[in-house]
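The values are calculated or read from the model by the stated rules, or taken from the named source; none is laboratory data. Model, not experiment: these values are computed from the prediction. Note: ideal-geometry Cβ built from the backbone for every residue, glycine included; neighbour counts use all protein chains shown. Side chains are part of the model used for accessible areas, which takes the heavy atoms of the whole protein and leaves out ligands, DNA and RNA. Shrake-Rupley method; radii C 1.70, N 1.55, O 1.52, S 1.80 Å.
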Amino acid sequence: EKPDAKRAQGFVESGDHYWNSGIFVFGAQRYLDELERHEPAVLAACRAALDGGESDLDFFRLDRKAFEASPNISIDNAVMERTAAAAVVPCDIGWTDVGSWTSLWEVAEKDKEGNATHGDVALVGSRNCYVRSEGTALVTAVGMEDTVIVATDDAVLVADGAHTQDIKLLVERLKKEGRREPQAHVQVYRPWGYYQSIHSGDRFQVKRLTVKPGAQLSLQKHYHRAEHWVVVNGTAQVTRNDEILIIQENESIYIPLGATHRLANPGKIPLTVIEVQSGSYLEEDDIVRTQDNYGRV
C-alpha cells in the first residue's frame, strides 16, 4: 500500500501491476480465516471487543478497551498484500473514492466558472472552487481560485485545493492541542437522544435537547448551575426533588441549583426542550448522577 515514487514508477513501467482501488469482495468466513492466518492479534482483539460488548437500546457497544488493544493496521497491509487467495477482476463502474474535498468538487455539478456550491453561498470573481455551507450563515468568496471553503456550525475550513490531503495534519494538531472539535460536533448524541448548544455567554448557555420516545435522562443534580426548561414539542415528565410533573408544549419549569431532577419523554413523539443554564460553571462535568438507565452512575 502507498509505495514511494520510485517503486510506483517501476510498477507503471513494468506493465504488470494494477492500482489498488480498495474495493474487495469476499465471504465473511474466508476473510476471518485469512485474518487469523496473517494478523491473528487483530482478530483476537475484535472477538474480545464483541464478547465484552453490551446492548444499549438500539445500539450495540463494543468493549472499548479490548477494541483499542487491536493493532492499528489497514486491511491492505494486514491481508490483501499477503494473501495467496486474491484475484483481480477488471470492471468499468465509474467509481471514485471521493476521499477528499477536491475529489468531491470533481464529481459535483459546477457553474460556468467551474465552482461547485452547496447551501447558502454567494461567489464573485471566483473560479474552480468548492464552497459548502452547512450552518445558518451565508458563506461568500471574492476573487478566489482553486479553493475549498467549508463552513459548519462548529468550524470553518479554508484550504488550497492542492493541499486538501493535508487536512489530516491539521486534525492531528487540533487533537494534540486538546481541542474538542476533532472529538465532538455541536450536536452531541447521548443514549436518550441528543443536545445541541445554541448560544453561550458570560454565566449562561442555551441548549436544545431532543429526547427519544420512552427515553429519559439520568436522575442528577448540579452544584454550579440552575436550569430553565421550555417544552416546544411533545410532552415532558419532570422529576424535581420529590415532585413529578407533566409539562406540555409552551409550558416551562425552573430547576434550582442543587435540586435533584430528571427529564423524561413519556410520549410517542420526540420531545424537544430549550434549556437555559445559568451559573458560575456550565461544563458537562458538573453532573452528579444518582440513578441512570444507561450505566453512567
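Okay, here's what the table says:
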| item | result |
| --- | --- |
| Stretchable slack from residue 228 to residue 82, in nm (0.36 nm times residue separation minus alpha-carbon distance) | 46.6 nm |
| Most to least accessible of 254, 294 (protein chains only, probe 1.4 Å) | 254, 294 |
| The chain: C-alpha gyration tensor shape, a/c 1.5 cut-off, then a/b vs b/c | oblate |
| Value of relative contact order over region 123-267, rounded to a whole percent, pairs C-alpha under 8 Å and six or more apart | 15 percent |
| Apportionment of accessible area to carbon and sulfur, the chain, percent (1.4 Å) | 52 percent |
| Theoretical ellipticity at 222 nm over the chain - DSSP helices of four or more residues, -39500 (n - 2.57) apiece, nearest 500 | -5500 deg cm²/dmol |
| Estimated FRET transfer efficiency when R0 is 45 angstrom, pair residue 274-residue 72 (beta carbons, to 0.05) | 0.60 |
| Computed magnitude of the charge dipole of region 7-96 (debye, nearest 20; Cβ of K, R +1, Cβ of D, E -1) | 140 debye |
| Gain upon complete extension [residue 134, residue 248; 0.36 nm per residue less C-alpha separation] | 37.9 nm |
| Cβ-Cβ FRET estimate between residue 127 and residue 107, R0 fixed at 25 Å, reported to 0.05 | 0.90 |
| Estimated FRET transfer efficiency (residue 293, residue 41; beta-carbon r; R0 41 Å; 0.05) | 0.70 |
| Label zone at residue 196, where the point sits 7 Å out along the Cα-to-Cβ direction: region 140-170 residues whose backbone N lies under 11 Å | 153-154 |
| Residue-span extension gain [residue 284 to residue 189] - 0.36 nm each, minus C-alpha spacing | 32.9 nm |
| Compactness index (Cα Rg / 2.2 N^0.38 Å), region 128-246 | 1.46 |
| Neighbour-limited loop hits for GluC sites (Glu not before Pro), region 109-199 (at most 16 other Cβ within 10 Å; DSSP other than H, G, I, E, B) | 109, 113, 134, 177 |
| Inter-label distance for residue 175 and residue 97, nm, one decimal - labels placed 7 Å from Cα along Cα-to-Cβ | 1.9 nm |
| Cα centroid of region 45-85 to Cα centroid of region 227-297, whole Å | 37 Å |
| Percent RCO, i.e. relative contact order, over the chain, from Cα pairs under 8 Å lying at least 6 residues apart | 11 percent |
| Taking region 1-145 and dividing mean pair separation by its residue count, relative contact order in percent (alpha carbons under 8 Å, at least six apart) | 13 percent |
| Residue among 104, 272, 182 farthest towards the positive dipole end of the chain, charges placed on Cβ | 272 |
| The chain, dipole about Cα centre (Lys/Arg Cβ +1, Asp/Glu Cβ -1), debye to the nearest 20 | 760 debye |
